[in-house]
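Input: one structure, supplied below.
Derivation of every value follows stated rules applied to the coordinates shown; laboratory data play no part. None of these values were measured; they are calculated from a predicted model. Reconstructed Cβ throughout: ideal geometry from the backbone, glycine too, with neighbour counts over all protein chains shown.
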Amino acid sequence: MTNGEKHFLYSGENFGMAGIESWAEYLTYLGDDRWEMIVEENALSDFPNEKPFIEPFTTEELVMWVLERDSEHMEEEDDELNSTSDEDPPRKLYEHGEQLLFIAREEKIQSCIDALEGWLNETWPPEPEAPTILRVTGATKRGVWIRVWYPAYSVETSAGPGYVWPSSDQGMVTLVLQSTSTSDKGWQIKLSKELAAELSKYQSEYDELCRQKRK
């Protein structure tokens, strides 16, 4: 798809006090992993724009943007598994992701297909190197869903604030950044003597949170 053909991606509506905002999103593939997204207000909108909004993307940027939009749909879905199970549900695509994968398959854009299918299989994007834990700042509640939380230690890392908690693997801890989504599995880090000593300072607070969680 290098001829500038416009493909439908998604349409949405927002109903607010000021009126209806209604739009449609389209994609044009320009070749060499370059895309344009065209956002047009449709006839139902109370906020018409004379010109469509156009934003350029690389394939990687587009896939990440689409997955972020899908995560918003996922949070709106009343998923019983998320609220009652400690296990993460299997990954799935929602409206944005499914349509982008359809476009990519139809037009044989292999880099986009590989990224979306890799995300479903938890092999994309490649796992970045774990940030360095600089210091432990306390014990806290890590929110993962509406009124659902788990005990964790708050930490400062070279990539920003994060959470740490004991892993199911002996001698390991799980590290995630606060800036990532709750579906992020983070990194498995070896529990060093230095880190164990830092965590022990807040052990009593962490144990109390564990007791609260079990009630």
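Residue separation times 0.36 nm, minus the C-alpha to C-alpha distance between residue 111 and residue 205: what's the value?
Working: separation 94, 0.36 × 94 = 33.84 nm, distance 4.71 nm.
Roughly 29.1 nm would be gained on extension.
Using Cα pairs under 8 angstrom and six or more residues apart, how large is the relative contact order of region 133-214, in percent? The partial results should precede the final answer.
Values: 132 pairs, mean separation 21.7, N = 82.
After rounding, I find 27 percent.
Taking θ as phi - 60°, what are the ³J(HN,Hα) couplings along region 125-138 by the Karplus curve (6.51, -1.76, 1.60), each to the nearest whole Hz, with x for Gly and Pro?
x, x, 5, x, 5, 4, x, 8, 7, 8, 6, 9, 10, x
In addition: Distance between the C-alpha centers of region 123-191 and region 93-114? Whole Å please.
31 Å
Turning to a different aspect of this structure: Take every Cα-Cα pair in region 133-214 and report what % of them are more than 17 Å apart. Before the final figure, lay out the partial values.
On the way: 1430 of 3321 pairs.
Of all Cα-Cα distances in region 133-214, 43 percent exceed 17 Å.
Hey, another quick one. Give me 137, 132 ranked fewest to most by other Cβ atoms within 10 Å of their Cβ, as a rough exposure proxy.
132, 137
In addition: Roughly how many nanometres apart are two label points built 7 Å out from the Cα toward the Cβ at residue 197 and residue 130?
So the label points at residue 197 and residue 130 sit 1.9 nm apart.
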